[in-house]
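K.L.:
Before I ask anything, here is the structure I am working with.
Every number in this text was worked out from the coordinates using simple rules, so none of it is lab data. Computed from a predicted structure; not experimentally measured. Glycine gets a Cβ as well: all are built from the backbone with ideal geometry, and neighbour counts include every protein chain shown.
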Amino acid sequence: MNRLSAQTQMILAAVLIALIVVGALFLGVLPEFDRAKQLDTQIQDLDGQINTAKLLVSRRQSAKAQAAQTEVDLIKIANQVPESPELPSLIINLQDTANAAGLDFVQIAPAVPTAVVDQGGQPAGYTSIAIEVKVEGQWADMIDYISRLSKYTRGVRVKTAAFSSVAGTDAKDRYVEGRISLVVYTMSVINVNAPAVPSAPVTPPADAQPSQ
């Protein structure tokens, strides 16, 4: 067998090396690329799942915060519009407020509760109670009283307010008489066939004690 020339041997060696390299690519490197591609796909899927989970958590946190705020709003509404009229405590509060403003709380006259209806004439689910208050004092004290009423926790709406100056006498200096029409609300629909409030004006006793 004739010996191969050096050039032929070099060509064969180069071909053999090329075959080894190609085999290594197919057997080793290319499968790694495929695995890397699969890993990239899995990572993208995981990223998508994580983003979806974050979005879900964010929505739940937002819903929880909104539910908490709704509960706070409901508590606030319950304080402004209680389930029952609670007129005795309201009358005492109105008297205490007048005293705090420097006024004499002369008279109060709650009216019969009236069920509120909507624009279609259907019951709105709550009741209004008109209250007439008579106080005496000075102009500045009247303004202070109206301002204090607007800051009540319970919803109290000043419907009208009429003031008149009364001439003084030997026993009493000139003063201002205020007649204030208020409206309060309650969530309960009261049976108006049996009034639960006095229809005649009530004058607080002179020795009435302020509420604590």
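K.L.:
For segment 87-186, what does the alpha-carbon gyration tensor say about shape, rounded, prolate or oblate, given a ≥ b ≥ c as the root eigenvalues, a/c under 1.5 as rounded, and a/b over b/c as prolate?
P.N.:
prolate
K.L.:
Note down the net charge around GLU132, summing +1 for each Lys or Arg and -1 for each Asp or Glu among other residues with Cβ under 15 Å from its Cβ.
P.N.:
+2
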